[in-house]
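Let me begin by presenting the structure, written as structure tokens, before commenting on it.
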Amino acid sequence: MPAASETFRVRPMTIDDYPAVYALWVSTPGVGVDETDERDPTARFLERNPGLSLVAADSDQQIVAAVLCGHDGRRGYLSHLAVDERARGVGLGRRLVAECLAALAGQGVGKCNVRIFAENEAAARFWERMGYARRADLAVWQRTTSS
Ligand SMILES: CC(C)(COP(=O)(O)OP(=O)(O)OC[C@H]1O[C@@H](n2cnc3c(N)ncnc32)[C@H](O)[C@@H]1OP(=O)(O)O)[C@@H](O)C(=O)NCCC(=O)NCCS
């Protein structure tokens, strides 16, 4: 497994990465996985946002970090950022976020949202370090599309 000094290769996520990425998500506290994270919706998301979602792999080609990144033409969205515990603290999360923001900016998208669980204080501190500010005036509402 990765050592702190190891260099990681960051590249776009493909659907072939899905089993490893999904395994990382479900083993990472702070990442909430539901039916929208199954293979087909994830493949659709990657197709609609080509090249934006990223993975990082170690020298054994094992995936140690991932993030979903997309936009709707107006705003960007990052979700499911996860760094394997053994690869944390060496700047990988920052690097993935920076590459995503640069790619969004390159496509003319001026703002990027992220949703985190309200009780995930560690993630809140990380996103603050990434320059994010909590929108205390907003709350997320949701329902299923079928009745
Ligand atoms: C949050 C997470 C992605 C950080 O990844 P990481 O690769 O360890 O982060 P980095 O090493 O790039 O750290 C970047 C900066 O954030 C800070 N940071 C990272 N984790 C932090 C924490 N738990 N508390 C406070 N600051 C933190 C680092 O000190 C660093 O600061 P600096 O560069 O300004 O000195 C990782 O801990 C993780 O996967 N957590 C669980 C999943 C999760 O909660 N994801 C967010 C939901 S979208």
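The values are calculated or read from the model by the stated rules, or taken from the named source; none is laboratory data. Quick caveat: nothing in here was measured; it's all calculated off a predicted structure. Methodologically, a virtual Cβ is constructed for each residue, glycine included, from the backbone with ideal geometry; neighbour enumeration extends over all protein chains shown. The accessibility values were calculated without ligands, DNA or RNA, using every heavy atom of the protein model including side chains. Shrake-Rupley method; radii C 1.70, N 1.55, O 1.52, S 1.80 Å.
If you add up the charges near Arg134, with Lys and Arg at +1 and Asp and Glu at -1, over every other residue whose beta carbon is less than 12 angstrom from its beta carbon, what do you get? Mind showing how you got there, number by number?
Numbers: positive: Arg115, Arg125, Arg135; negative: Glu121, Glu128, Asp137.
Charge balance in the 12 Å sphere: 0.
If packing is taken as the mean number of other Cβ atoms within 10 Å per residue, what is the order of 29-37, 92-100, highest first? Before the final figure, lay out each step's value.
Numbers: 29-37: 12.6, 92-100: 19.1.
With the highest mean Cβ count within 10 Å placed first, the list reads 92-100, 29-37.
Using r as the Cβ-Cβ distance of Ala136 and Asp34, and R0 as 30 Å, what FRET efficiency do you calculate, to the nearest 0.05? Mind showing how you got there, number by number?
Working: r = 25 Å, r/R0 = 0.84.
Efficiency computed from Cβ-Cβ geometry: 0.75.
Report the relative contact order of the chain, percent, no decimals, based on alpha-carbon pairs under 8 angstrom and at least 6 residues apart.
Relative contact order comes out at 23 percent.
Hey, what do the phi angles of segment 11-18 turn into as Karplus ³J(HN,Hα) couplings, whole Hz, using 6.51/-1.76/1.60 and θ = phi - 60°, x for Gly and Pro?
8, x, 6, 10, 5, 5, 7, 3
Got a sec to turn the phi values of segment 99-112 into Karplus ³J(HN,Hα) couplings, 6.51 cos²θ - 1.76 cosθ + 1.60 with θ = phi - 60°, whole Hz, x for Gly and Pro?
5, 5, 4, 5, 5, 5, 4, x, 9, x, 8, x, 9, 9
For the chain, report the accessible area per residue in Å² (1.4 Å probe, heavy atoms, rounded to an integer). Could the numbers behind the result be given before it?
Values: 9480 Å² over 147 residues.
Computed with neighbouring chains in place, this is 65 Å² per residue.
Using a 1.4 Å probe over the heavy atoms of the protein chains, calculate the carbon and sulfur portion of the accessible area of the chain as a whole percent. List each step's numbers first, then the result.
Details: 4700 of 9480 Å².
About 50 percent, which is the carbon plus sulfur part of the accessible surface.
Say the dipole of the chain comes from +1 at the beta carbon of Lys and Arg and -1 at that of Asp and Glu; which of Tyr22, Gly73, Phe45 then lies farthest toward its positive end?
It is Gly73.
Using a basic spin-label model with each label point 7 Å from the Cα along Cα→Cβ, how many nm lie between Ala122 and Ala23?
My value for the distance between the label points is 2.1 nm.
Karplus couplings for segment 51-56 from phi (6.51 cos²θ - 1.76 cosθ + 1.60, θ = phi - 60°), rounded to Hz, Gly and Pro as x?
The phi angles translate into x, 8, 6, 10, 10, 10 Hz.
Pick out which of Tyr22, Tyr132, Tyr77 has the largest mean-square fluctuation in a Gaussian network model of the chain, springs linking Cα atoms closer than 10 Å.
So, out of Tyr22, Tyr132, Tyr77, the one fluctuating most is Tyr132.
Quick one: order Trp25, Trp141 from most to least accessible surface, probe 1.4 Å.
Numbers: Trp25 0, Trp141 230 Å².
Result, largest first: Trp141, Trp25.
May I ask which residue of Ser59, Gly91, Gly110 lies farthest towards the positive end of the charge dipole of the chain, with charges of +1 (Lys, Arg) and -1 (Asp, Glu) on Cβ and the Cα centre as origin?
Toward the positive end, the furthest listed residue is Gly110.
Quick one: which residues, 5+ away or cross-chain, put their amide H under 5 Å from the amide H of Gln62? H built at 1.01 Å from N.
none
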